[in-house]
Amino acid sequence: MSDLHCPATLLIARHGDADYPHARVLSDEGGWLTEKGQAQVRDLAESVRWRNIAAVCTSRMQRAVESGAVAAEVLGVQSRVVEGLEEFSVGALAGREHDDPELLAVFEAWKAGDLGTFVPGGESGQAVLDRYREALQEIADLHRGESVLVFSHGGVMSFALPRMGANVRADLAERMFMPNCAVAEVAVDADGIVVRSWPGSADRSVV
């Protein structure tokens with residue numbers, strides 16, 4: 001089997017529990033790990049130690065970078081930032097309530113397949129999918145046949161991964177909320193992306 005067809009195994013995790021400067025409104029700020037979040041990340045890293053993790057990759061947002069640093073220390077590997085793994089931007093809607101109807105209308109359009117719809121001052125659904133796919137392919141190209149722990153974000157994971165996986169439905173995550181440090185296992189090779197396992201909970205209290 002050639003390197004191009006030897007899949008990389010990406011364990012894509014939501015970052016640990018975090019706090020934010022303006023937690024009650026929409027924001028693109030990075031946030032920071034709480035003590036609870038640090039403990040969650042350490043537990044996650046210990047739980048995947050048997051996978052012989054080759055590296056840790058993170059989005060550029062602070063809560064993901066901090067998660068990667070904690071996990072990398074536990075696993076004894078390097079952590080690096082990969083552009084494209086970040087949460088979708090709320091753009092010009094920053095400062096509004098989390099249930100802002102204009103943002104929810106964009107999400108509904110994306111779910112209906114209208115990926116050309118933009119968040120005002122932000123990205124279209126297609127742009128989110130494209131940059132997320134490119135980020136995963138970049139990691140896979142460097143780690144054929146290896147396992148990598150990747151820290152990303154619940155919203156973009158729930159939107160992008162089911163729509164990329166050739167073997168799952170696009171609405172896979174619709175009723176399953178992504179808890180902190182939950183892991184989706186994904187195989188990536190030259191033929192595309194396969195979602196091997198999907199985490200989640202129907203109980204928002206564990207998110």
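So the values come out like this:
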| quantity | calculated |
| --- | --- |
| Net +/- balance of residues flanking E73 in space, Cβ distance below 12 Å, scoring K and R +1, D and E -1 | -1 |
| Surface per residue (accessible, 1.4 Å probe) for the stretch 1-146, Å² | 50 |
| Which of Y132, Y20 is most accessible, then next, and so on - probe 1.4 Å | Y20, Y132 |
| Highest average packing first - 50-58, 92-100, 189-197, Cβ atoms within 10 Å | 50-58, 189-197, 92-100 |
| Fraction of accessible area attributable to carbon and sulfur, the stretch 42-135 (%, probe 1.4 Å) | 52 |
| Check: the stretch 45-201 dipole with +1 on Lys, Arg Cβ and -1 on Asp, Glu Cβ, in debye | 400 |
| Integer Hz, Karplus 6.51/-1.76/1.60 couplings in order for the stretch 108-115, x for Gly and Pro | 5, 5, 4, 4, 7, x, 8, 7 |
| Antiparallel DSSP beta bridges within the chain, as percent of all bridges there, nearest 5 | 55 |
| Distance (nanometres) between label positions extended 7 Å along Cα→Cβ at F107 and S89 | 2.0 |
| Estimated 222 nm signal from helices in the chain, with DSSP H stretches of n ≥ 4 weighted -39500 (n - 2.57), rounded to 500 | -10500 deg cm²/dmol |
| Burial order of peptide ranges 135-146, 65-76 (average beta-carbon count within 10 Å, highest first) | 65-76, 135-146 |
| Gain upon complete extension [R169, R51; 0.36 nm per residue less C-alpha separation] | 39.8 nm |
| Ranked order, S124, S79 - accessible area, probe 1.4 Å, largest first | S79, S124 |
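The values are calculated or read from the model by the stated rules, or taken from the named source; none is laboratory data. Model, not experiment: these values are computed from the prediction. All Cβ positions, even for glycine, are placed from backbone atoms using ideal geometry, and neighbour counts span all protein chains on display. These area figures cover heavy atoms from the full protein model, side chains too; ligands, DNA and RNA do not enter into them. Shrake-Rupley method; radii C 1.70, N 1.55, O 1.52, S 1.80 Å.
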